[in-house]
Amino acid sequence: MTKPTARAMATALRTYHRPVKEGEPMLESWGQVVDRVISHQRWLWERALGRSLNEQEDDELEELRRLVEGRFIMPAGRTLWLGGTELAKKRESSMFNCSFTHVETVYDVVDVLWLLLQGCGVGFRPITG
């Protein structure tokens with residue numbers, strides 16, 4: 001495992017480790033963060049396939065777990081923070097980092113503002129007429 005620097009640990013604890021219980025000061029361990037992220041990846045994959053994962057797919061998730069746990073690779077920061085939470089499942093746009101759209105109607109403006117409120121950067125092209 002790659003040993004994180006003190007700065008990296010402070011940043012990770014501040015940014016990605018969620019409270020073990022809501023309102024409590026105790027934060028997740030790195031292993032718990034990884035478990036939450038992998039469970040989110042499993043949920044996404046099974047939902048997309050419409051079935052449970054097979055043995056080969058389970059092996060891929062375990063390889064991903066080993067690589068993330070060892071800090072050889074990292075998922076997106078939003079996945080580290082929100083992955084595996086009910087919010088990420090209920091409001092998937094909270095996982096978006098950036099997006100683009102054409103803005104033609106007031107409804108498009110509402111969509112842009114909704115994404116911005118969730119921390120998603122939005123590029124847009126105004127369409128007139």
**Report entry** Hits in the range 42-57 (condition: of a type in the set (A, V, I, L, M) and surrounded by fewer than 10 Cβ atoms within 10 Å (Cβ to Cβ))
**Finding:** ALA48
**Report entry** The lone exception for ARG65 - which of (1) closer than 16 Å to ARG78 by Cβ; (2) touching a helix residue (DSSP H, G or I) at 6+ places or on another chain (Cβ under 6 Å) it fails
**Finding:** (1)
Query raised in the report: Where in the range 19-129 are the helices (runs of 4 or more DSSP H), entirely inside, with at least 1 residues that are within 16 Å of the chain's Cα centre (by Cα), under 30 Å from LYS3 (Cα atoms) and of a type in the set (Val, Ile, Thr)?
Result: 30-49, 55-69, 77-82
Query raised in the report: Do any residues in the range 80-109 that are within 14 Å of ARG125 (Cα to Cα) have Cβ atoms under 9 Å from those of residues that are of a type in the set (Lys, Arg), where the two are at least six apart or on different chains, and which pairs are they?
Result: PHE100/ARG125; THR101/ARG125; HIS102/ARG125; VAL103/ARG125
Requested in this report: Return yes or no: is ALA12 small (Gly, Ala, Ser), at negative phi, at pLDDT below 95 and surrounded by 16 or more Cβ atoms within 10 Å (Cβ to Cβ)?
Outcome: yes
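The values are calculated or read from the model by the stated rules, or taken from the named source; none is laboratory data. Bear in mind that the values here come from a model prediction, so they are computed numbers and not experimental data. Every residue, glycine among them, receives a Cβ derived from its backbone with ideal geometry; neighbour counts consider all protein chains shown.
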